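Everything on this sheet refers to the single structure shown next.
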Amino acid sequence: MTVILEKRDLPVVSVAFALRCGGINESESEKGISHFIEHMLYKGTPKRNAKQIAEEIEKNGGQLNGFTDEAITAYWCKMPSNHLNIALDVLSDMVKNPLFDEKELEKERKVIFEEIKMYHDNPRLYIFQGIQSFLYDKPFGLTLIGDNKTLSSIDRKKMIERFKKIYNPNNMILCVVGDADFEEIVKFAEKNFGNTLNGTPNEVQESQGGTRPVKQASEKGDVPKFEIKLQNNVKIEKRKGIDQANLILAYHTPLAKDKKCYASQILNASTALGMSSRLFAEIREKRNLAYAIKGDSVISRDYAYNLIYVGTTKENVEKVKKLILEEFEKIIKDFTEKELKELKEQLIGNYRISMEDSQLQMISLLSHEIDGNAEEFYKFEENIKKVKLEDVKELAKNAKEKYSFFALVPED
């Protein structure tokens with residue numbers, strides 16, 4: 001098990017048990033099983049039922065939740081630090097001893113069916129969820145949550161087989177951000193999850209640098225992997241009963257292991273991050289074509305892309321798309337060192353602000369550990385400062401030439 005601690009003086013801790021497995025590790029026929037298992041782990045153990053799991057955290061002032069992403073499944077809580085032992089005890093019980101009760105499983109299946117409907121019926125959520133299928137072929141391009149067919153095929157036997165294969169200490173990360181003692185956390189992990197990997201004792205690295213994460217040496221377990229095939233597609237889909245057109249233009253960017261991934265964050269900030277971005281100024285302020293204009297940079301070990309979202313009228317979809325592509329052309333021609341410097345300062349400031357919340361910091365450390373090494377998170381300022389002007393321009397050129405586009409528009 002990998003153990004990470006960022007120590008803080010505030011009397012609050014954010015704690016997570018995370019698995020190095022998610023949607024990226026699912027075949028087409030089992031899409032949604034990671035997310036389904038995540039739901040089921042809150043439904044009870046031999047020691048606690050679902051109500052008791054929630055009460056032990058919340059009645060002691062904590063917040064309890066979890067999430068499934070493409071490369072990670074996590075169970076977390078945020079607690080007053082004097083109740084860290086409760087957080088560790090409850091979360092470890094969940095990830096070690098789920099009941100997978102047959103009746104609860106069938107009830108939760110219905111809950112996820114409703115979750116699927118929620119994503120479908122919200123136009124903005126629908127295109128954010130769907131854009132990945134335009135960037136990647138199956139199985140990765142399929143939605144993380146699965147569909148009615150795949151979810152209907154997942155029974156208790158399949159779920160238990162998957163759980164036994166994936167949920168072992170070799171695939172786990174225990175991450176704590178807050179007022180806690182590293183040695184005590186390691187003792188808890190050793191006591192509750194054992195201290196051997198394939199018969200070989202773990203070697204625990206001693207803490208060297210205050211807030212730097214510390215981790216145990218680990219070997220990864222047998223997590224399935226599937227080929228990720230890149231593609232680019234364009235589609236405009238019509239739907240009755242909506243008034244606004246929602247669109248996303250997305251393009252592939254360098255993976256987390258490539259230092260040019262930081263240039264993709266600069267390009268995202270330049271085009272669509274905040275009210276000072278180029279497209280906000282061009283599309284909303286100058287032309288009044290939209291209210292919402294947002295950008296995001298999704299960077300991982302195995303996949304990476306930037307996206308630009310705009311909500312506009314049906315009649316202006318092609319005009320907005322044209323303006324986005326024209327902005328890439330402008331960046332290729334007139335992006336300056338001055339703008340580059342300003343964007344670096346903006347991203348460094350955003351990075352520092354994000355560290356304020358221990359929960360967000362915990363998720364950031366988990367994501368970087370999944371991508372290779374949690375300590376890389378602390379090198380953000382150093383890496384973003386190294387971004388060169390030509391790297392951003394090169395990415396803008398690639399984005400203009402190869403992109404995916406998905407729009408959901410009102411039907412006449």
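The values are calculated or read from the model by the stated rules, or taken from the named source; none is laboratory data. Since this is a predicted model, take the numbers as computed values, not measurements. Because the Cβ atoms are built from the backbone with ideal geometry, glycine has one as well, and the counts that use them run over all protein chains shown.
Restricting to the range 125-140, and then to whatever is within 18 Å of the chain's Cα centre (by Cα) and surrounded by fewer than 17 Cβ atoms within 10 Å (Cβ to Cβ), can you tell me which residue is farthest from Lys229 (Cα to Cα)?
The selected residue is Leu125.
Against the definition (under 29 Å from Ala374 (Cβ atoms) and within 23 Å of the chain's Cα centre (by Cα)), how does Gly146 come out, yes or no?
The answer is no for Gly146.
Six or more apart or on different chains, Cβ atoms under 8 Å: show the pairs whose first residue is in the range 1-22 and in contact (Cβ under 8 Å) with a residue 60 or more places away in the chain and among the hydroxyl-bearing types (Ser, Thr, Tyr) and whose second is surrounded by fewer than 24 Cβ atoms within 10 Å (Cβ to Cβ) and outside any strand (DSSP E or B).
Once the first residue is in contact (Cβ under 8 Å) with a residue 60 or more places away in the chain and among the hydroxyl-bearing types (Ser, Thr, Tyr) and sits in the range 1-22, its partners that are surrounded by fewer than 24 Cβ atoms within 10 Å (Cβ to Cβ) and outside any strand (DSSP E or B) give Thr2/Lys215; Thr2/Ser218; Thr2/Glu369; Ser14/Ser358; Ser14/Gln359; Ser14/Gln361.
I'm told Asn198 meets every condition in (1) modelled with pLDDT under 95; (2) surrounded by 19 or more Cβ atoms within 10 Å (Cβ to Cβ) except one. Can you identify the failing condition by its number?
The one condition Asn198 does not meet is (2).
If I filter the range 245-298 down to residues being of a type in the set (Val, Ile, Thr) and more than 13 Å from Leu395 (Cα to Cα), which single residue comes out as surrounded by the fewest Cβ atoms within 10 Å (Cβ to Cβ)?
Val298
Scan the range 260-273 and give yes if some residue there is without any contact (Cβ under 8 Å) to a residue 24 or more places away in the chain and more than 17 Å from Ser404 (Cα to Cα), otherwise no.
No: the range 260-273 contains no residue that is without any contact (Cβ under 8 Å) to a residue 24 or more places away in the chain and more than 17 Å from Ser404 (Cα to Cα).
Within the range 9-59, how many residues turn out to be in contact with a Pro (Cβ under 8 Å, 6 or more places away or on another chain), not β-branched (Val, Ile, Thr) and not in a loop (DSSP other than H, G, I, E, B)?
4
Of a type in the set (D, E, K, R), over 25 Å from the mean Cα position of the chain (by Cα) and modelled with pLDDT under 95: which single residue out of Glu184, Glu203, Glu219 fits that description?
Of the residues listed, the single one that is of a type in the set (D, E, K, R), over 25 Å from the mean Cα position of the chain (by Cα) and modelled with pLDDT under 95 is Glu203.
Among (1) surrounded by fewer than 17 Cβ atoms within 10 Å (Cβ to Cβ); (2) within 26 Å of the chain's Cα centre (by Cα); (3) part of a helix (DSSP H, G or I), which single condition is Glu356 missing?
For Glu356, the failing item is (3).
Residues are listed down the side, and each one gets a yes or a no for (1) of a type in the set (A, V, I, L, M, F, W, C); (2) surrounded by 20 or more Cβ atoms within 10 Å (Cβ to Cβ); (3) modelled with pLDDT of 95 or more; (4) in a helix (DSSP H, G or I):
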{"residue": "Leu325", "(1), (2), (3), (4)": "yes, no, yes, yes"}
{"residue": "Glu339", "(1), (2), (3), (4)": "no, no, yes, yes"}
{"residue": "Leu347", "(1), (2), (3), (4)": "yes, yes, yes, yes"}
{"residue": "Ser367", "(1), (2), (3), (4)": "no, yes, yes, yes"}
{"residue": "Ile370", "(1), (2), (3), (4)": "yes, yes, yes, yes"}
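Of all the residues that make up the range 109-147, how many are under 21 Å from Glu70 (Cβ atoms) and assigned to a helix (DSSP H, G or I)? Before you say what the answer is, go through the steps one by one.
Just the residues of the range 109-147 that are under 21 Å from Glu70 (Cβ atoms), to begin with: 112, 115-116, 118-120, 122, 124-147.
Those left that are additionally assigned to a helix (DSSP H, G or I): 112, 115-116, 118-120, 124-130, 132-135.
Number of matching residues: 17.
Could you look through the range 121-159, keep only residues that are among the hydroxyl-bearing types (Ser, Thr, Tyr) and touching a Leu at 6+ places or on another chain (Cβ under 8 Å), and pick out the one that is farthest from Tyr251 (Cα to Cα)?
Tyr126
Could you count how many residues in the range 353-397 are over 17 Å from Ala263 (Cβ atoms) and touching a helix residue (DSSP H, G or I) at 6+ places or on another chain (Cβ under 6 Å)?
Final tally of qualifying residues: 8.
Can you pull out every residue in the range 378-412 that is of a type in the set (Phe, Trp, Tyr), under 16 Å from Val234 (Cβ atoms) and not in a strand (DSSP E or B)? Quick ask: steps written out before the conclusion?
Taking the range 378-412 first, the residues of a type in the set (Phe, Trp, Tyr) are 378, 380, 403, 405-406.
From what is left, the residues that are under 16 Å from Val234 (Cβ atoms) are 403, 405-406.
Tyr403, the sole residue that qualifies.
Looking at Ile248, Ile228, can you tell me which residue is within 29 Å of Ser34 (Cβ to Cβ) and not assigned by TED's automatic domain parsing to the domain that holds Val320? Break it down into steps so the answer makes sense when it comes.
On the way: Ile248 fails: not assigned by TED's automatic domain parsing to the domain that holds Val320.
Among Ile248, Ile228, only Ile228 is within 29 Å of Ser34 (Cβ to Cβ) and not assigned by TED's automatic domain parsing to the domain that holds Val320.
Being touching a helix residue (DSSP H, G or I) at 6+ places or on another chain (Cβ under 8 Å), buried (at least 17 other Cβ atoms within 10 Å of the Cβ) and among the acidic types (Asp, Glu): is that true of Glu329 here?
Values: touching a helix residue (DSSP H, G or I) at 6+ places or on another chain (Cβ under 8 Å): yes; buried (at least 17 other Cβ atoms within 10 Å of the Cβ): no; among the acidic types (Asp, Glu): yes.
Spelling it out, it is not the case that Glu329 is touching a helix residue (DSSP H, G or I) at 6+ places or on another chain (Cβ under 8 Å), buried (at least 17 other Cβ atoms within 10 Å of the Cβ) and among the acidic types (Asp, Glu).
Is the range 141-148 home to any residue that is under 17 Å from Thr45 (Cα atoms) and surrounded by 17 or more Cβ atoms within 10 Å (Cβ to Cβ)?
no
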